[in-house]
C-alpha cells in the first residue's frame, strides 16, 4: 500500500512547513489554507479516519486535542479557533490519514459547509 502524503511528510520524504513535533504527532501549516491560521495536527500513527479508530487509539486521539490547545496558546488564538475532523470523502476528507484542522483568524458560520 502506498504511503499517504502525511506519512511521507512524517518520514521527511517530502517537505512541509512543520511548526511542532513530538513523539505522537506533527503539526504543519496547511498548503491550501481556509483561514488566516490553518494548521493540520497529524498523528504519527497511521489511522485512516476517525471511524476506523478503536479503543487503543484513545491516548493519541486525546493527544491531538491537547496539541491543538497547545498550538492555540502558542499562537495567541485564545478561545477563537475551530477544530475540524473530516471523516470520509463525502465529508471532505482528501487525505486518508486522520488529521485535525485548527482554523482561526476569521468568522466561521454555523452550520459549516
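What follows is calculated from the coordinates using simple rules that are stated; it is not laboratory data. In this text, all values refer to a predicted model and were calculated from it rather than measured experimentally. Neighbour counts are summed over all protein chains in view; Cβ atoms, including those assigned to glycine, are modelled from backbone coordinates with ideal geometry.
Summary of values
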{"quantity": "Förster-model FRET efficiency, 30 Å R0, residue 56 and residue 32, C-beta, rounded to 0.05", "calculated": "0.40"}
{"quantity": "Cα-based helix-to-principal-axis angle, 58-74 vs the chain, degrees rounded to 10", "calculated": "40"}
{"quantity": "Cβ-based exposure ranking for 82, 12, in which fewest neighbours within 10 Å come first", "calculated": "12, 82"}
{"quantity": "Dimensions (Å) - the chain, Cα atoms, principal axes, largest first", "calculated": "39, 29, 27"}
{"quantity": "Contact order relative to length of segment 68-113, as percent, for alpha carbon pairs under 8 angstrom and 6 or more apart", "calculated": "37"}
{"quantity": "Helical mean residue ellipticity (222 nm; -39500 (n - 2.57) per DSSP H run of 4+; nearest 500) of the chain", "calculated": "-6000 deg cm²/dmol"}
